[in-house]
Structure formats: C-alpha cells, structure tokens
1. Surrounded by fewer than 18 Cβ atoms within 10 Å (Cβ to Cβ), in contact (Cβ under 8 Å) with a residue 24 or more places away in the chain and farther than 18 Å from residue B:178 by Cβ - does that describe any residue in the range A:53-61?
2. Collect the residues in the range A:90-124 that are free of Cβ contacts under 8 Å to residues at least 12 places away in the same chain, part of a helix (DSSP H, G or I) and touching a helix residue (DSSP H, G or I) at 6+ places or on another chain (Cβ under 7 Å), keeping them in residue-number order.
3. Name the single residue, out of those in the range A:18-50 being exposed (fewer than 11 other Cβ atoms within 10 Å of the Cβ) and at the interface with chain B (Cβ under 9 Å from one of its Cβ atoms), that is modelled with the highest pLDDT.
4. Which residues, counting only those in the range A:58-94, are facing chain B (nearest Cβ under 9 Å) and over 20 Å from residue B:153 (Cα atoms)?
5. Identify, please: which residue in the range B:107-153 is within 13 Å of chain A (Cβ to nearest Cβ), touching a strand residue (DSSP E or B) at 6+ places or on another chain (Cβ under 6 Å) and farther than 26 Å from residue B:95 by Cβ and is, among those, surrounded by the most Cβ atoms within 10 Å (Cβ to Cβ)?
6. Yes or no: the range B:196-212 includes at least one residue that is within 14 Å of chain A (Cβ to nearest Cβ), outside any loop (DSSP other than H, G, I, E, B), surrounded by fewer than 23 Cβ atoms within 10 Å (Cβ to Cβ) and modelled with pLDDT of 95 or more.
7. Name, by its number, the condition in (1) in contact (Cβ under 8 Å) with a residue 40 or more places away in the chain; (2) closer than 16 Å to residue B:317 by Cα that does not hold for residue B:381.
8. Just to confirm my filter: which strands (runs of 3 or more DSSP E) fall fully inside the range B:282-397 and include at least 1 residues that are under 18 Å from residue B:156 (Cα atoms), away from chain A (no Cβ under 14 Å) and touching a strand residue (DSSP E or B) at 6+ places or on another chain (Cβ under 6 Å)?
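The values are calculated or read from the model by the stated rules, or taken from the named source; none is laboratory data. The structure displayed is predicted, hence computed values, not measured ones. All Cβ positions, glycine included, derive from the backbone under ideal geometry; neighbour counts span all protein chains shown.
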C-alpha cells in the first residue's frame, strides 16, 4: 500500500469538524429615491452585482457600487444575495478579470460616500446598513 | 492530440519561489489614469509541489512541460507553478485592450514568459463585444481561467479532460453576445483563428492551421449550462518518421500514411459542461468528445466534482477520466513486396499499431481541501489516485524502462495560489 494513501482522509475528517459561522446585521439594497425601481429580487441583485447584467428589470441602466473590501456590510450583502463569502467573491472576480471580459463594481471608501453617490445618480445601486437609510434613498431589497 | 516530449533536463523552479515572498499579499490591483485611459495591472500565480508514487514516468499538468513529478524527480515544483500578469487598458468607453503574460515551465525547461493573450476589444453594446488579436481557445468551461488557480477549488484542472486539447489560444477574433430572456442570461460566443505552435518544440509541433468554434452558455441563478462545438484543422509532427518510412512502400504505404497521419486533418470537438454553485456547496462536470480521421481517433473525456464550504475550508472530491476507441491496422501487405523486405514491413506495421494503441486511457479519483487562510491567498492539498488503462501510459510522459502500462499510481500535491 502506498504511504500517501491515508493522510488525505484524516485531513478531510479534521476539516469537517471546523465549520465556521457568519454574524448577521441588517444590510439593505438601496437606490436613489428618484429612481423608478421599487423592488428587486435576490437573484436580480446577484446578477447586477456579479456582472451578469448591467440593466434593471425595466431595461434602464444599473451601476453597481461596492463598499470597501473587508467591510462588514459588503460581506453580509454578498452572503445574503449570492450565498458567497468574501473569499468566494474574490475567487469569482479573479476568474472574470483574467478573461479580460469584465471588472468588479467600483468601490467607495465608506458608507456615507456610497449614500452620496446613490443620491446623486438614479442609475446607481448599492447597499447600506438599515440605520443609514434616509428619505433620499429607497430600499429595494 | 497527445504528443510525447524529448528527454528530461532537470532544473528547479526558481522563478515562482523568488517572486512570492517579495510580493506578500497586497490588497488591490494597481490602477492609473494615463491621458484619459485607465490602465490596470492584475496578477495571479501558483506555487505548487507534486509527488508521484511512480518513479518510471512523469506526471505533468500540461503538454508543454518537458518533465514533472515521477521519473525526473520525486517532488516537482514545475508541474503547477506559474505566475501571470495582465495589463488592461480602457482606451475609450467602447475600446479596451488586454495583454496577459504567463511565466511557467516551457518545453525547453526555461521560464521565459509567453504572451497568452493580447487583444483589443470593441464593446458594440453593453451586451455585444468583438475582440481581435490573441484570444482564448474556449474549449473548456474553465478555458478562460485555467491558469488562475485562485479561481478554482482544485489544484489543477483535470488533466484527463484538459489534455484533450492542448491548444489554449487563437490568433484571430472572437465575439460574445448576451441576451436576457426573463431571469436567464444567455451568452453566445464564437471564435475563429489559428495557432501555429508557438509553445511547442520544433520536433513536436502541434499546429492548428485554423479553428472555429461556437459556444452557448445559459445561466439561471446559481446554475450554468454550456454547450460547444469546435472544428479545427491540425498538423502534428508526431509519428512523422514512421509515416515517412511507410511512404517508401509505394501507393499502399502512402495510402496508409494519408489515412493516419495528422497533416491538415480536421478534428471536431463537441463539449457539454454544467455547474451549480448556490454558495455553501458546489458541483460541476464536463464532457468532451474529440473526433479525427487519423491515428488520434475518437477520445472521450469527462469529470464530475464538487465540494462543501465550511468557513475558510472547502473539502472537495472529483472523478475524471479519458478513454479512447483503440483501433488497429493490418498495415502493409508483405505479399506484393520482395521477401527481403519482410522484417522491415513487420517492424513498420508493429510501429503503426503501437502508435494507434498509444492514446491515453486514464481514470482518476481526487480528494482534497482548499483553505482560504489569508486574503487573496489560498492553500490547497490534494491527493489523486490514477489508474492507467490496460496497456496505456495514460497522460504520463518520459516513460522509462521498467514502466508498467496499466498500473496504478498516487499523487500528492500542495499549492499556494494568489491574486494581486
């Protein structure tokens, strides 16, 4: 019997005992209050943020903007709409970037700047902690 | 389209070793504005080692590698290690350009980078683009990203399937057209071009004189289905000495050579791939059939694999295989030839049938784990069991005296992948 046959199974058994949990705050997808978009489904949001479409369901242009890498809101948003962790999202985009056929959404430094960008442009869609929502923006998911 | 490599010339993979510590794990790609054009630099790489339990033949990940793990060395860093850099420039909102360089082990055992892609893209509409230059040969589900280890759960794409088309790029043009019927995204792609062996040694060329293909992908939520058809005209140097000798035997020898030699012979590939990735687990599979009226014959490969994500750990399983419809030939008829040529005729006929039987048959089972241990870097451990088909050396190369065709071997691989 080959000596490298066994350790792999021991390793897998070890991994199976190390599952991690994810904390949950309340992050919502928002557009400008001036946008005609009222509601979006989880899969419509996932398609927009994963670059599969750059349109809202009504055909108007959709410009997704991300919060900074490593921010809690970003991690929770992708977990919620796509069921993907930060590392999975990074792996997903690394595949797309190196095809030369796409780039991930641009990022802003913080949530306040994102809210300003959403207010200023009815095409922009982003996500905020529910506490950041005011009259200038509309929750769509 | 398997072709065997020349004798090994051992040397260490120093390039990737030198680059990784210097890089650490930086956050994002560099992006600068130059006279209104946005230029971004992204990179990716893998530093991996592989051990094979069989020391009479080499395991390699691609057709381009002159040596690997096994007979050349017990642990090989050249099989999976590579580094790539991609420069992308957005010239106008509709016009952009991409150049991708990759340094990995070349057939001459150097690590000089080659130009994997260099193309200009015109975005006609947000859902319709045209590209020209050196573009991807989109044979497989992961053709676009096969070198980006960080984008995939396993250490390498399954060699059984991916060796069925060693050509990865086309000098030509391609186009993608996206449709959104309801919640579905349908992407139709077409490619046309040629590849004149820029990565193979002169004595072992694999030329695609021209190739064209049509591919359709349907995405619905976490599900993806992809269908493809690829038609190419191939010229291989493989077996040239044998076929030249056969031609010395008049019309019957020439007819045999014309029948089996791969000189401007069409090869058609039909492919079907699917994946489902709802988040906490994933599954994917691919099937491909390659057909040619030559000694290459009909090869069929497929794999199915999946994994389960638990925090930073992703254990995975995979089965992969390639099989070949082995044919035989009666070869030259000695009856019409002078009696003193009989030994030469017998030797050529044996050589011809050995070539017909040399196609890879291989079955592999894989188990491993990916660990996303820091941002933009993963560590993978993988164990493979390879069963070679009866009489076959599978996808192995550098076969040494004492090698047993049809045997079983094990691989142990460790790899660190990174993107920057």
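1. Checked the range A:53-61: no residue is surrounded by fewer than 18 Cβ atoms within 10 Å (Cβ to Cβ), in contact (Cβ under 8 Å) with a residue 24 or more places away in the chain and farther than 18 Å from residue B:178 by Cβ.
2. A:91, A:94, A:95
3. For the range A:18-50, the residue satisfying everything is A:22.
4. A:61, A:69, A:70
5. B:149
6. Filtering the range B:196-212 down to residues within 14 Å of chain A (Cβ to nearest Cβ) leaves none.
No, there is no match, as no residue in the range B:196-212 is within 14 Å of chain A (Cβ to nearest Cβ), outside any loop (DSSP other than H, G, I, E, B), surrounded by fewer than 23 Cβ atoms within 10 Å (Cβ to Cβ) and modelled with pLDDT of 95 or more.
7. So the condition that residue B:381 fails would be (1).
8. B:298-308, B:313-324, B:362-374
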